[in-house]
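The values are calculated or read from the model by the stated rules, or taken from the named source; none is laboratory data. Predicted model, so just to flag it, every value in this text is computed and none were measured. Glycine also receives a Cβ, built like all others from the backbone with ideal geometry; neighbour counts cover every protein chain displayed.
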Amino acid sequence: MRISWIIAAACSLTLGAAALAQTPPEPAPGQEGEDGQLVVDVTGGRRAALPIAVPHMPTPAASDTPAGNTQALGRQVAEIVANDLRNSELFTPIGPGGLNAVSFPQVTAPDFPYFSTTGAQNLVQGFVQANPNGTLTIGCYLYDVAAGSELTRQGYVVAPRDWRRAAHRCADTIYSRLTGEGAYFDTRIVYVSETGPARRRIKRLAIMDYDGANHRFLTNGQWTVLTPRFAPNQQTITFMTYQDERPRVMLYDLDSGRTRPLVQQPHMTFAPRYSPDSRHIIFSMAVNGNTDVYRVPVGGGAPQRLTNAPGIDTGGSYSPDGARIVFESDRGGSQQLYVMDADGSNQRRISFGGGGYATPVWSPRGDLIAFTKTGGFRIGVMAPSGAGERILTGGGYAEGPSWAPNGRAIMFTRGASSGQLWYVDVASGATRRVPTPLGGSDPAWSPLRE
Amino acid sequence: MDRAEVTGFGVALAGHAALLAALTFGFTVAGNPPRLPPAMEVSYIEEVGLAAAAPVPSAEPAAAAMAPVMGPSEDAAPTPTPAPPEPQAAVAPQPRQKAPGTRGAAPQTRRRALDIDLAGVSDGPAPRARAGAPAAVMTGQAAADIGSAIIRQVQPCADRQIDPGPGASRIVTPISLRLNRDGSLAARPRVGAQRGIDDENRRYAQRVADLAVNAFVSCAPLRGLPQDLYDVPRGWSNFTLNYRLPG
């Protein structure tokens, strides 16, 4: 027995030594490629906000316009661009204040050595020019500081009243070029503005630019309003109102300011949302104690019932291709998310976690569904299959997600009693508050403006 | 077991042990490449020596560095699309004319302060082989050493690149680099076919290509690479850098 052990140990030692001697070496830093060239692999990078310099934008000749002097506009445009990039949580703008002044000829010949000393990796420059026909030209240039090269440029000829939109479009150009994501700064938010004590809360429809500018009220607060949603073509808004103590879905025409009911029904209607082609609206209607999801043409007509299970089916939201609908239902005993084809067929449950799920919204990219996790009230996302559930918001009451048109960010309501609008970057989880003059809830993000 | 059996068994055991030891020693030795004798410098006699075997140092100066420009020039200065500015000839800014070589000194002035400890190499280009020296060969070890030297110099700039979003780390971007003898870029970096692109990260592909080029040009010119291995087969005059973000 002992001898056998010694032999076995000796064999093990031998084989181990042999194996050690034959262990393949680690890959060398310099290898030979298929074409016989030297090949070097480098892995490096970090997750951080991108430092980008945004100096004030000069003007070729100071001119007074209805929007203000072009010199002042140059400063304001730069500030809007910097704020937009900062708001995205993906950039750390440097300036406009504190940076060297940029002359008009320098707009296309940047002082790269100077900007490299600021720590900026990229640089935004531009100009504001008053044109003889009364329009403004706002030029926007993006540079790579280290490479000393221009990455992209855009110019916008706008009426003076649209100078802020041109600034947002400039920021959109920068954002898209440097992140690969779609644009979203030139957008609007419709939401429910809230003021007054809880028992006599005045709720009005309000609309503003995504950054809080150009704020105005659409309704006067006579009737409580809830769940406003933009039509994809941005011509109308649908929402629910308690007009005459009866909840029903309304349509608001953004051009004329007129309001009309979506359907003429004696039943309670609520939770409306447009189809991607703006031609239909799905909504919930309570008939004989059972609430189902219905679809109706925007122009009116007989509603078509899409669900028929006992219980409450509500909160429908189309996939971006219009082929499927996600909705919430308590048919299984608790509030969960379900997906069905657009004609109501093939209904299947996709959420199975503890607590309830509500207010599902399909991402404009189609890859995720945002929802409110009602156990604790958090905002989360999951794949349309139900896989990969991820909670995005931390402590504090949060509900009612609405996607940015690029599918990268979500706006939602934070605070149960006194609501505020907040924003979360889906990839990083970074959040920030969206300014509103009063309290706010139920935000709905518009598509990118045309 | 009688005495004869014990003796026989002992002899057999000793024999096996010796055999195993020999095999172990033999394998270990076989795993290591034989040491090459140190290189000798010899003088060839003109009439007899193979003239082509000895590198002839070039009397020409290194080519002027070219401005590293990412992507095709059309991308760098696109035509304003939605509503282009209406530049006035006298005052409106014009796109800067980029001529190769006009920024030849720029890499030096913009170069980051890199305190890289390149053991055994000088800050400038390594000395070139003297006339009459044997032709240099890019061995596996030399390639590994050069690869390490390149990585040491590029890594700080690679680490500064910012991950644009989920899945971007799966994209591998090869860039083809052509260098001058002084380590500066001799031509624009060329971005090759990226690998690892899928539906989730496709939107980041162009940005990752930017980062790959930036990772190199921000730390260019390279220094301290052996001059005698510049333009040999697999030399560092042309090489491919595969860049990726950390996962």
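List the residue pairs whose Cβ atoms are under 7 Å apart, where the first residue sits in segment A:47-59 and is assigned by TED's automatic domain parsing to the domain that holds A:T92, the second is among the acidic types (D, E) and buried (at least 24 other Cβ atoms within 10 Å of the Cβ), and the two are 6 or more positions apart or on different chains.
none
Please specify each residue of segment A:393-436 satisfying the condition of being touching a residue at least 40 places away in the same chain (Cβ under 8 Å), within 14 Å of another protein chain (Cβ to nearest Cβ) and at positive phi.
A:G407
Can you pull out every residue in segment A:376-388 that is free of Cβ contacts under 8 Å to residues at least 60 places away in the same chain, in contact with a strand residue (DSSP E or B) (Cβ under 9 Å, 6 or more places away or on another chain) and assigned to a loop (DSSP other than H, G, I, E, B)?
Correct list: A:G376, A:F377, A:A383, A:S385, A:G386, A:G388.
Looking at the structure I just gave you, is B:D182 at the interface with chain A (Cβ under 7 Å from one of its Cβ atoms) and either more than 20 Å from B:P233 (Cβ to Cβ) or surrounded by fewer than 17 Cβ atoms within 10 Å (Cβ to Cβ) (or both)?
No; evaluated as a whole, the condition is false for this residue.
Scan segment A:56-69 for residues that are more than 13 Å from chain B (Cβ to nearest Cβ) and within 19 Å of A:L142 (Cα to Cα) and jot them down.
A:H56
Looking at (1) under 30 Å from A:T152 (Cβ atoms); (2) within 12 Å of chain A (Cβ to nearest Cβ); (3) modelled with pLDDT of 90 or more; (4) assigned to a loop (DSSP other than H, G, I, E, B), which is the one condition that is false for B:F216?
If we test B:F216 against (1) under 30 Å from A:T152 (Cβ atoms); (2) within 12 Å of chain A (Cβ to nearest Cβ); (3) modelled with pLDDT of 90 or more; (4) assigned to a loop (DSSP other than H, G, I, E, B), just (4) comes out false.
A:P132 versus (1) under 31 Å from the mean Cα position of the chain (by Cα); (2) without any contact (Cβ under 8 Å) to a residue 12 or more places away in the chain: which is the lone unmet condition?
Against the list (1) under 31 Å from the mean Cα position of the chain (by Cα); (2) without any contact (Cβ under 8 Å) to a residue 12 or more places away in the chain, A:P132 comes up short only on (1).
Which residues, taken from segment B:204-222, are in contact with an Asp or Glu (Cβ under 8 Å, 6 or more places away or on another chain) and buried (at least 21 other Cβ atoms within 10 Å of the Cβ)?
Result: B:D210, B:N214.
Regarding segment A:262-284, can at least one residue be identified that is in contact with a helix residue (DSSP H, G or I) (Cβ under 7 Å, 6 or more places away or on another chain) and not in a strand (DSSP E or B)?
no
Scan segment A:415-432 for residues that are closer than 15 Å to A:S193 by Cβ and in a strand (DSSP E or B) and jot them down.
A:Q420, A:L421
For segment A:233-290: of the residues being hydroxyl-bearing (S, T, Y) and over 24 Å from the mean Cα position of the chain (by Cα), which is surrounded by the fewest Cβ atoms within 10 Å (Cβ to Cβ)?
A:S256
Can you list residue pairs whose Cβ atoms sit under 6 Å apart, with the first residue in segment B:168-196 being on the phi > 0 side of the Ramachandran plot and the second being surrounded by fewer than 20 Cβ atoms within 10 Å (Cβ to Cβ) and part of a strand (DSSP E or B)? Count only pairs 6 or more apart in sequence or on different chains.
Pairs found: B:G196/B:V172.
For every residue, the table says whether it meets (1) of a type outside the set (S, T, Y); (2) modelled with pLDDT of 95 or more.
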site: A:P384; (1), (2): yes, yes
site: A:G419; (1), (2): yes, no
site: A:Y423; (1), (2): no, no
site: A:A427; (1), (2): yes, no
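Restricting segment A:140-174 to residues that are within 7 Å of chain B (Cβ to nearest Cβ), in contact with a strand residue (DSSP E or B) (Cβ under 6 Å, 6 or more places away or on another chain) and of a type in the set (S, T, Y), which is farthest from B:Q161 (Cα to Cα)?
For segment A:140-174, the residue satisfying everything is A:Y156.
This table checks each residue for (1) under 19 Å from A:G155 (Cα atoms); (2) charged (D, E, K, R); (3) within 14 Å of chain B (Cβ to nearest Cβ).
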position	(1), (2), (3)
A:Q71	yes, no, no
A:G74	yes, no, yes
A:A82	yes, no, no
A:L85	yes, no, yes
A:S88	no, no, yes
A:P96	no, no, no
A:V102	yes, no, yes
A:Y114	no, no, yes
A:L123	yes, no, yes
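Can you tell me which residues in segment A:48-69 are exposed (fewer than 15 other Cβ atoms within 10 Å of the Cβ) and part of a loop (DSSP other than H, G, I, E, B)?
Hits for segment A:48-69 are A:A48, A:A61, A:A62, A:P66.
Going through A:G212, A:G196, A:G139, A:G180 one at a time, which residue ends up being closer than 30 Å to A:R414 by Cβ and in contact with a Phe, Trp or Tyr (Cβ under 6 Å, 6 or more places away or on another chain)? Spell out how you get there, then give the answer.
Numbers: A:G212 fails: in contact with a Phe, Trp or Tyr (Cβ under 6 Å, 6 or more places away or on another chain); A:G196 fails: in contact with a Phe, Trp or Tyr (Cβ under 6 Å, 6 or more places away or on another chain); A:G139 fails: closer than 30 Å to A:R414 by Cβ.
A:G180 is the lone residue from the list that is closer than 30 Å to A:R414 by Cβ and in contact with a Phe, Trp or Tyr (Cβ under 6 Å, 6 or more places away or on another chain).
Among the residues of segment A:355-363, is there at least one that is in the same structural domain as A:P276 (by TED's automatic domain parsing), at pLDDT 90 or above, farther than 22 Å from B:G167 by Cα and surrounded by fewer than 15 Cβ atoms within 10 Å (Cβ to Cβ)?
The answer is no, given that none of the residues of segment A:355-363 is in the same structural domain as A:P276 (by TED's automatic domain parsing), at pLDDT 90 or above, farther than 22 Å from B:G167 by Cα and surrounded by fewer than 15 Cβ atoms within 10 Å (Cβ to Cβ).
Hey, does segment B:201-216 have a residue that's of a type in the set (S, T, N, Q) and more than 17 Å from A:T179 (Cα to Cα)?
No, segment B:201-216 has no match at all.
Residue by residue, here is whether (1) in contact with a Leu (Cβ under 9 Å, 6 or more places away or on another chain); (2) among the charged types (D, E, K, R); (3) closer than 22 Å to A:F239 by Cβ holds:
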| site | (1), (2), (3) |
| --- | --- |
| A:T314 | no, no, yes |
| A:D321 | no, yes, no |
| A:L337 | no, no, no |
| A:R365 | no, yes, no |
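Restricting to segment A:185-227, name every residue that is of a type in the set (D, E, K, R), part of a loop (DSSP other than H, G, I, E, B) and under 23 Å from the mean Cα position of the chain (by Cα).
The answer is A:D186, A:D211.
For the list (1) of a type in the set (D, E, K, R); (2) in contact with a Leu (Cβ under 6 Å, 6 or more places away or on another chain); (3) more than 10 Å from chain A (Cβ to nearest Cβ), I need the number of the one condition that B:D163 fails.
Going through (1) of a type in the set (D, E, K, R); (2) in contact with a Leu (Cβ under 6 Å, 6 or more places away or on another chain); (3) more than 10 Å from chain A (Cβ to nearest Cβ) one by one, B:D163 breaks only (3).
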